[in-house]
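Input: a single structure, listed below in structure tokens.
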Amino acid sequence: MWKMVLLDYRYHFKEGVKREAGKNGYFFYLYLLTFPLIFYRISFVYYASFIPMLLGLLLSRMYGGERNKTLFLCPLSREERIKYFKTGYGIRTLFPISCLWVTNIILMLAGKRERILGLLIGLVATAYILAVNMYCQPVKKKSVLVEETYHLPGSYEVWNVIIQIGGILTVGIMEFAALEGKEMIRSWEWGLLVIMAIGYLLLVLRMIQKYYEPVMEQTVDYEIKGWQRGWSEYEGNNQNPGNTGNL
């Protein structure tokens, strides 16, 4: 399954980059440039945590919640589709998290980042990557027989925005504190940083607990459900000649 997912991702890589560059490119550029423009001298430290976060977000938009349409024509069982979803989630999170911790540990060992702050930043950034990659694209209704409107589960979109903004702000504040140096951070500020990190981790844990299963269900079954609902509506329209529906 890992090989299948990797081949699928490789096949759609150029298409995904092109789509995101045109659709959300401005956001990623802003993400990359904001902090270095303010604190240009330590931009490499900033990039050590924010580039893996940005990479996790980019992968979620390029591949999250979408499968190659040809896979729907293959005789994959529901269990295999679930395995495909979980494998893809693992790939999209494992790579940026590995990059994050490798660079983070190198900076801490080199004395470029205070170790407690490095640990807190690493945990928050890891939670951010795990949360944003639990992403599925909403299905928009094009035709009764092709797709049925099927929104993201519950208040998922609201949670996703809160998680993204919260993660960026939390890591940004911790990076700013790191600039001051360990000696300049007062006791109450340390307490506040720890509370922020724990609060964010609990928020992400709650989001994953609340939405992981619904997101997986939608990703695995949304086309099947769309066809089933579309066919039911089509039959209803045929029984009512005066109702032409959306065809």
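Give the residue that is modelled with the lowest pLDDT, with candidates limited to residues of segment 40-92 that are more than 22 Å from Leu117 (Cα to Cα) and of a type in the set (Ser, Thr, Tyr).
My answer is Thr70.
Given the conditions (1) part of a helix (DSSP H, G or I); (2) surrounded by fewer than 12 Cβ atoms within 10 Å (Cβ to Cβ); (3) modelled with pLDDT under 85, and given that Ser98 satisfies all but one, which numbered condition is not satisfied?
Among (1) part of a helix (DSSP H, G or I); (2) surrounded by fewer than 12 Cβ atoms within 10 Å (Cβ to Cβ); (3) modelled with pLDDT under 85, the lone unmet condition for Ser98 is (3).
Is there any pair linking a residue in segment 97-122 that is closer than 17 Å to Glu180 by Cβ to one that is at pLDDT 95 or above and surrounded by 14 or more Cβ atoms within 10 Å (Cβ to Cβ), with Cβ under 6 Å and at least six apart or on different chains, and which?
If the second residue must be at pLDDT 95 or above and surrounded by 14 or more Cβ atoms within 10 Å (Cβ to Cβ), the pairs left are Leu120/Ala197.
The values are calculated or read from the model by the stated rules, or taken from the named source; none is laboratory data. Here the structure is a predicted model, which means the values were calculated and not measured. Glycine gets a Cβ as well: all are built from the backbone with ideal geometry, and neighbour counts include every protein chain shown.
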